[in-house]
Amino acid sequence: MKKEMILQLASKLKEVSRVEFEYNNSFYEIFESTEGGYMINIYSSNEKDEDDEYLYENNFDGGLCTGTAKDAIQFML
């Protein structure tokens with residue numbers, strides 16, 4: 001992913017506390033964690049439920065990043 005896109009996503013994450021994007025046929029959901037830092041979830045499909053949430057069964061990776069918004073964007077790329 002290009003540096004400019006990482007910076008744009010990090011800026012949006014800091015501004016609204018949540019971003020979703022597609023990269024390399026995977027779907028990323030990053031949001032502020034209640035425990036500090038950012039939670040990253042990666043899904044194999046962009047299919048969502050009636051509440052506009054990604055389906056848990058499509059989640060294949062994820063983790064908590066305690067760094068900056070930019071760190072969170074780069075964490076699982």
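The values are calculated or read from the model by the stated rules, or taken from the named source; none is laboratory data. What you see is a predicted model; the values in this text were computed from it and never measured. Positions of Cβ are backbone-derived with ideal geometry, glycine not excepted, and every protein chain shown enters the neighbour counts. When the accessible area is computed, the model is the full protein with side chains, heavy atoms only, and any ligands, DNA or RNA have been set aside. Shrake-Rupley method; radii C 1.70, N 1.55, O 1.52, S 1.80 Å.
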Inset, instruction - Please calculate the 1.4 Å probe accessible area of M5, with all protein chains present, and give it to the nearest 10 Å². - result: 80 Å²
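Which loop GluC sites (Glu not before Pro) in the range 15-77, with loop taken from DSSP, have no more than 15 other Cβ atoms within 10 angstrom of their Cβ?
Details: sites: E15, E20, E22, E29, E32, E35, E47, E50, E53, E57; in loops: E35, E47, E50, E53.
Loop-located and lightly packed - E35, E47, E50, E53.
Strictly over 20 Å apart at the Cα level, which of K12/K70; K14/K48; K14/K70 would you flag in this model?
Working: K12/K70 10 Å; K14/K48 24 Å; K14/K70 9 Å.
The answer is K14/K48.
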Legend entry - Potential extension, K14-L77 segment - 0.36 nm per residue separation minus Cα distance: 20.8 nm
Inset, instruction - Please report, in debye to the nearest 20, how large the charge dipole of the chain is about its Cα centre when each Lys and Arg carries +1 at its beta carbon and each Asp and Glu carries -1 there. - result: 620 debye
Inset, instruction - Taking every Cα atom in the chain, find the radius of gyration and the maximum pairwise distance Dmax, and write them in Å. - result: 11.8, 34
Inset, instruction - Keeping all protein chains in position, work out how much accessible area T66 exposes to a 1.4 Å probe, and write it in Å² to the nearest 10. - result: 120 Å²
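Divide by every residue of the chain the summed helix terms, -39500 (n - 2.57) for each DSSP H run of at least 4, and state the resulting mean residue ellipticity at 222 nm, rounded to the nearest 500 deg cm²/dmol.
When only DSSP H runs of four or more count, the value is -8000 deg cm²/dmol.
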Legend entry - Whole-Hz couplings from phi, Karplus 6.51/-1.76/1.60, listed for the range 65-71; x for Gly and Pro: 10, 9, x, 7, 4, 5, 4
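What part of the accessible area of the chain, given as a whole %, is carbon or sulfur when the probe is 1.4 angstrom? All intermediate terms of the calculation are to be shown ahead of the outcome.
On the way: 2160 of 4990 Å².
Carbon and sulfur: 43 percent of the exposed surface of the chain.
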